[in-house]
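Right, one structure below, let's go through it.
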Amino acid sequence: MDDKRELLNQLRIDRSAPETGSRAPLIVAVVIAVVIAAGAAAWWFLAANPRLVVETTTASAPAAQGSAPTAVLQATGYVTARRQATVSAQITGTLSEVLIEEGERVEAGQVLARLEDTAQRAALGQAEAQLAQARAQVGQFQAQLAQARRDHTRQQDLVGRKLVSVQAAESASTQVDALAAQVLAQQRFVDLAQAQLRSAQVQLDYTTVRAPFPGVVIAKAAQVGEIVSPLSAGGGFTRTGVGTIVDMDSLEIEVDVNESYINRVRRGAPAQAVLDAYPDWTIDAHVIAIIPTADRGKATVKVRIGLGVKDARILPDMGARVSFMEQAAPADAGTPAPPPKGVLVPATAIVQRDGRSVVFVVEESRASAKAVTPGQAYGELRLVEGIAVAARVVRTPPAGLVDGSKVEVAAPAP
């Protein structure tokens, strides 16, 4: 019995003994330390090996050189009109009628607006009356001259028959000469009155504003009741124009060409224009003229480009991109020349590293510097030798990009 009791006592739990501490806090601490260490290692790795975000493009093979024109230069500019006028009255006056609206087509000589003409019509009536008076006086003096000539004839007859004195005959002759002079003087008054009448008529015509050439109204600048004047008046209450007309048949493009490349442009050379509003529409064009002056601030020369088509979609002040073309001479009659050696890449992709021209090619998220030999320029592209066709090249390498740098290709712009 004693042995069984002793065995039961050994199996009984001693409540007075101290409890052993839990291991859970230690495990949590270890996990946190591991996470912190992993984060620090990742941060150090990324900081030591940053990825550069770059834009890439594909190197393309040049086309065979034949009789097809090739682009040698590109420039941007705007559509302009050679004939554009802000039409105004030639005198100061108040508008009584405005007969135009934006977008309306007008013909040469069409009435666009009228001014109040009360004063001008009164002046015209006065000039007409003065002319009538002058002509009436001419008739009066001509009648007197005719009578004086008949009297002079009779006096001459009487002098021959010794019935009157010679002095009476001389007086009759003098009267004829005086009246003839008065008729001539009065005729000059008639000429003066006619000139005054024409002047009054011109002033009346000035109250009617007409289109100087056929075109389209692009702006209506004044309303009925406003004062218009050919001179600029202070205070902003006087309009200097009624509307603006553009001759749509005179539209052309003006571009600014960098003066370093102006030697590639020649008068009459073919070109192609693309409007920003219609990027899929290529317009045949040609060089009209090179303006013989340079912009000192922008280092550019202005070039006028003529359009080969007249289309209602072409509007003044539209943005445009012009490619200047050059006609390549064929190598043999009927046989196109082989394509030049090399590939085409953007000119901005070629950079200098250690005194060499290099292009960075992206291979498996790393940039590899490839030494190249630059060749002929094709607009914004450059022919180079040293890389393969379809290679992914960095369009504009940043200054920190070196051989072997890790890169991340930027997503294309939407």
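The values are calculated or read from the model by the stated rules, or taken from the named source; none is laboratory data. Values in this document were obtained by computation on a predicted structure and should not be read as measured data. Ideal geometry is used to build each Cβ from the backbone, glycine not excepted, and the neighbour counts take in all protein chains shown.
Descriptive notes on the structure:
- Any chance P397 is under 24 Å from S323 (Cα atoms) and surrounded by 14 or more Cβ atoms within 10 Å (Cβ to Cβ): no
- Test: residue in the range 204-213 that is surrounded by fewer than 17 Cβ atoms within 10 Å (Cβ to Cβ), within 28 Å of the chain's Cα centre (by Cα) and in a helix (DSSP H, G or I): no
- Residue tally, condition touching a Leu at 6+ places or on another chain (Cβ under 8 Å) and in contact (Cβ under 8 Å) with a residue 60 or more places away in the chain, over the range 131-153: 1
- Test: residue in the range 356-365 that is among the small types (G, A, S), touching a residue at least 40 places away in the same chain (Cβ under 8 Å) and either in a strand (DSSP E or B) or surrounded by 14 or more Cβ atoms within 10 Å (Cβ to Cβ) (or both): no
- Restricting Q187, Q182, Q175 to residues that are crowded, with 18+ Cβ neighbours inside 10 Å, farther than 30 Å from K310 by Cα and not acidic (D, E) narrows the list to Q175.
- G379 being under 25 Å from the mean Cα position of the chain (by Cα) and at pLDDT below 85: yes
- Within the range 50-158, strands (runs of 3 or more DSSP E) holding 3 or more residues that are at pLDDT below 85 and within 27 Å of the chain's Cα centre (by Cα): 69-81
- The residues listed here are Q223, Q187, Q201; of these, the one that is at pLDDT below 90 and among the polar types (S, T, N, Q) is Q187.
- Residue within the range 180-203 that is closer than 30 Å to V246 by Cα, among the hydrophobic types (A, V, I, L, M, F, W, C) and assigned to a strand (DSSP E or B) present: no
- Scan of the range 382-402 for residues that are in a strand (DSSP E or B) and touching a residue at least 40 places away in the same chain (Cβ under 8 Å), ordered by number: L383, V384, E385, R392, V393, V394
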